[in-house]
1. Have a look at Ala72, Ala84, Ala79 and point out the one that is assigned to a helix (DSSP H, G or I), farther than 24 Å from Gly25 by Cα and touching a residue at least 60 places away in the same chain (Cβ under 8 Å).
2. Looking only at the range 156-179, which residues are touching a residue at least 40 places away in the same chain (Cβ under 8 Å) and in a helix (DSSP H, G or I)?
3. Pairs, please: C-beta under 8 Å, at least 6 apart or cross-chain, first residue in contact (Cβ under 8 Å) with a residue 24 or more places away in the chain and in the range 103-131, second surrounded by 14 or more Cβ atoms within 10 Å (Cβ to Cβ) and outside any helix (DSSP H, G or I)?
4. Could you tell me whether His126 is surrounded by 15 or more Cβ atoms within 10 Å (Cβ to Cβ), at pLDDT 95 or above and in a helix (DSSP H, G or I)?
5. Name the single residue that is farthest from Phe113 (Cα to Cα) among those in the range 129-165 being of a type in the set (D, E, K, R) and surrounded by fewer than 19 Cβ atoms within 10 Å (Cβ to Cβ).
6. Residues in the range 53-69 that are in contact (Cβ under 8 Å) with a residue 12 or more places away in the chain and either in a helix (DSSP H, G or I) or within 26 Å of Met26 (Cβ to Cβ) (or both): how many?
7. Looking at the range 132-155, which of its residues are more than 18 Å from the chain's Cα centre (by Cα) and touching a residue at least 40 places away in the same chain (Cβ under 8 Å)?
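The values are calculated or read from the model by the stated rules, or taken from the named source; none is laboratory data. Everything numeric in this text was worked out from a predicted model, so none of it was measured. FYI the Cβ positions are ideal-geometry reconstructions off the backbone, even for glycines, and counts take in every protein chain you see.
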Amino acid sequence: MKIRSSHTLIAKTFHCVFIVLYTYGMIKQLDDLSQLEDAGLLYFEVVFSILFLLIVIFRYLYMRNYKTFLGASKAVPVAHQYLAKSIHISMYLCLALLPLSGLLIAGLYTLGFTHGLMQDFAVGLHEFSASLSYLLIIIHVVGAVYSRMKCEGIWTSMVPIWKEDKSSSHPKVKKFITWENELFKKLENYMSSKKN
């Protein structure tokens, strides 16, 4: 059995398509609910939300079969694995909530609830999930770029550009890696002491 050190073409394609769809969704977002009076725009928003939701679901179902740190050239501390997995799962939940809340907004609007408590709740939920998605994606990208700086192999296993070539020799990066490893070791020791 061959051990996979890189994500499949399907996983990389899901990643790239998702980035394009998410970016497009954020750029084209509505300025005002009254824009939904345009039946063509309402229909487009519903179709886009369903497509986005399906891609999030299919991507999750596909990616859950792979390790979070697929392609890592060195062992990843267990505490780091838990942290990364928590962020990934939070991203999937948040990114599923975005189209679900958008569909709720559209459904309520279609039923005549253009204002009021239910519509305010749906809009608030949509805005919360959008804001949380920004934060989680920023954390994800910073972590990916940091991993790229460390030349761990994780970046290269998913992203088709800016390939890693060798370990970083920059003294500040090495110092930060040492500090990071010590921190995660302490977290692991703390977690194991709580189990006992």
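1. On the way: Ala72 fails: assigned to a helix (DSSP H, G or I); Ala84 fails: touching a residue at least 60 places away in the same chain (Cβ under 8 Å).
Within the list Ala72, Ala84, Ala79, the selection yields Ala79.
2. Thr156, Ser157, Met158
3. Sorted first by the residue in the range 103-131, then by its partner, the pairs are Gln119/Phe113.
4. Values: surrounded by 15 or more Cβ atoms within 10 Å (Cβ to Cβ): yes; at pLDDT 95 or above: yes; in a helix (DSSP H, G or I): yes.
Against the criterion (surrounded by 15 or more Cβ atoms within 10 Å (Cβ to Cβ), at pLDDT 95 or above and in a helix (DSSP H, G or I)), His126 qualifies.
5. This residue is Asp165.
6. Qualifying residue count for the region: 10.
7. Quick first cut of the range 132-155, residues more than 18 Å from the chain's Cα centre (by Cα) only: 149-153.
Those that are more than 18 Å from the chain's Cα centre (by Cα) and touching a residue at least 40 places away in the same chain (Cβ under 8 Å): Cys151, Glu152, Gly153.
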